[in-house]
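Before any comments, here is the structure.
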Amino acid sequence: MIQIGPSLLSADFSRLADELKDIEKGGADFVHLDLMDGHFVPNLTFGVPVIAALRNWTNLLFDTHLMVEHPENYIESLAAAGVQYVTVHQEVCPHLDRVLHQIKENRMKCGVALNPSTPVETLACVASLVDMVLIMSVNPGFGGQKFIPYSVDKIKVAAELLKTAGNTRAVIEVDGGINAEIVRGVVEAGATWVVAGSAVFGKADRAAAIASLRRQP
């Protein structure tokens, strides 16, 4: 069964604790947390102190996506905040192997995110090391964008790359423009974790929205 993770980027920032409780009650498997620094992407979101505060309000797994330059500076504080997964961008990590090991040394799962224009093949050397490959199906930095269709082919390539590397533990996550009409195609391509923003937080009934995604029409 696919894992559904609402993206807190689309939540009501004035009541984040209540939003977390709502999606947990509604059947979410994890919550996706986007950290943006205003450099790698134009926007700013929340930082580690907010994540640490939110940890007290939910038992959901924290899946943290670092859309930042110098992600290595955040690793230890994220571990202390109670994060389980940390995903960094291939595009900002000249020493990617080192950063992935740093995440693991801090007892968290490590992931690599790829912008839409970044080939999956750039991960060949670390394919056996990663716990997650995150296929960005929109250009990162803004919510509410439309799904980029060629992301489906990238998911297939990622699945084959992990298979060739003998990595059976890693998950393939897809993030951006996901809704109930699109989710089936990405799952059939090999995605196992699905991030949804407005498709969940934009609905009054979050439980029904999550169930609709899980049904894969």
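The values are calculated or read from the model by the stated rules, or taken from the named source; none is laboratory data. The shown structure was predicted, so the numbers you read here are calculated from the model rather than taken from an experiment. Positions of Cβ are backbone-derived with ideal geometry, glycine not excepted, and every protein chain shown enters the neighbour counts. Only protein heavy atoms, including side chains, enter the accessible area calculation; ligands, DNA and RNA are left aside. Shrake-Rupley method; radii C 1.70, N 1.55, O 1.52, S 1.80 Å.
Worth a mention:
- Selection from segment 119-139 of residues that are over 16 Å from Val99 (Cβ atoms) and open to solvent by less than 20 Å² (accessible area, probe 1.4 Å): Val120, Ile135, Met136, Ser137, Val138
Matching residues to (1) under 24 Å from Arg15 (Cα atoms); (2) open to solvent by less than 30 Å² (accessible area, probe 1.4 Å); (3) among the hydroxyl-bearing types (Ser, Thr, Tyr); (4) at pLDDT below 95:
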site	(1), (2), (3), (4)
Val48	yes, yes, no, no
Ala52	yes, no, no, no
Leu61	yes, no, no, no
Met67	yes, yes, no, no
Glu72	no, no, no, no
Glu76	no, no, no, no
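- Residues of segment 23-39 that turn out to be surrounded by 20 or more Cβ atoms within 10 Å (Cβ to Cβ), farther than 16 Å from Glu173 by Cα and touching a helix residue (DSSP H, G or I) at 6+ places or on another chain (Cβ under 8 Å), as a count: 2
- Unmet criterion (only one of (1) under 27 Å from Pro119 (Cβ atoms); (2) among the hydrophobic types (A, V, I, L, M, F, W, C); (3) open to solvent by 10 Å² or more (accessible area, probe 1.4 Å); (4) in a helix (DSSP H, G or I)) for Leu100: (3)
- Considering residues of segment 176-203 that are in contact with a strand residue (DSSP E or B) (Cβ under 8 Å, 6 or more places away or on another chain) and open to solvent by 20 Å² or more (accessible area, probe 1.4 Å) only, the residue nearest to Ser14 (Cα to Cα): Asn179
- Of all the numbered requirements in (1) in a helix (DSSP H, G or I); (2) within 17 Å of the chain's Cα centre (by Cα); (3) more than 20 Å from Ala17 (Cα to Cα), Thr87 misses one, and that requirement is (1).
- The C-beta contact set for segment 39-53 (first residue in contact (Cβ under 8 Å) with a residue 24 or more places away in the chain, second residue among the polar types (S, T, N, Q) and surrounded by fewer than 16 Cβ atoms within 10 Å (Cβ to Cβ), distance under 6 angstrom, 6+ apart or interchain) comprises Val48/Ser77.
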